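Reading through the structure tokens given below for one structure.
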């Protein structure tokens, strides 16, 4: 029933979109066609976001709502003659990224959304400033941004085994970004020649931390305070039915210097019963 409802919704959407675009091409709406088209995207995007607020477990609604709302706003701005240039594509990426940022903040198990959210935000910034950056600087910022994204994932879930792998791409992208940035900045002299010493120092520090032996953990207090039990096969108390020692009460504990009784030795001293002859 649910699948049928989704198919019906898609069918209605395609029919309405096709009819609207056909009427718009025939100039039925005149100069209001582009404005209505942008308003339709904005309304659908708002509908998805309201739907997400009603049931926040359906995080895909936020991923769909923010891009549709962003595209609708851009179409409305273009209809009013406001052109944002290269930032139009950047704002679309920001809209998609905003959906993933919302998913990331919606729960503890949605850590995976940090990767697409960070990468899309980074690409939006790079597209917006592409005209002001050289090719080498653009690549350097790209690699550094990827390193920051994976580094944030590693730090936010520090100690968690399922995301420990994020430290590897973080270190690799940061290293490539630093090398590219140094090459793009045209650094000369001693800095350009000796800056890899910083990498050597960082490597030595990481090596020392990796070779350190973990501190031995102290045994539990309960286990250390509990008295040791008697040796196997021996009893501390005398056997039931045995006569107590002279001058001692039946309920008195055994003397401290009295050796424990070996139950197996006592059983061996008992007379053996004769087996009946067949």
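The values are calculated or read from the model by the stated rules, or taken from the named source; none is laboratory data. On a predicted model such as this, the values are computed, not experimentally measured, just so you know. Positions of Cβ are backbone-derived with ideal geometry, glycine not excepted, and every protein chain shown enters the neighbour counts.
Only one of these is within 22 Å of the chain's Cα centre (by Cα) and either in a helix (DSSP H, G or I) or at negative phi (or both): 77, 84, 146, 93. Name it.
Residue meeting the stated conditions: 146.
What do you reckon, is residue 45 crowded, with 20+ Cβ neighbours inside 10 Å and under 20 Å from residue 153 (Cα atoms)?
no
Take residue 184 and tell me if it is buried (at least 17 other Cβ atoms within 10 Å of the Cβ) and at pLDDT below 75. Spell out how you get there, then give the answer.
Values: buried (at least 17 other Cβ atoms within 10 Å of the Cβ): yes; at pLDDT below 75: yes.
Considered against the rule, which asks whether it is buried (at least 17 other Cβ atoms within 10 Å of the Cβ) and at pLDDT below 75, residue 184 comes out as yes.
Take the conditions at pLDDT below 75, surrounded by 12 or more Cβ atoms within 10 Å (Cβ to Cβ) and in a helix (DSSP H, G or I) and apply them to residue 192. Does it pass? Step through it out loud before you land on a result.
Numbers: at pLDDT below 75: yes; surrounded by 12 or more Cβ atoms within 10 Å (Cβ to Cβ): yes; in a helix (DSSP H, G or I): yes.
The answer is yes for residue 192.
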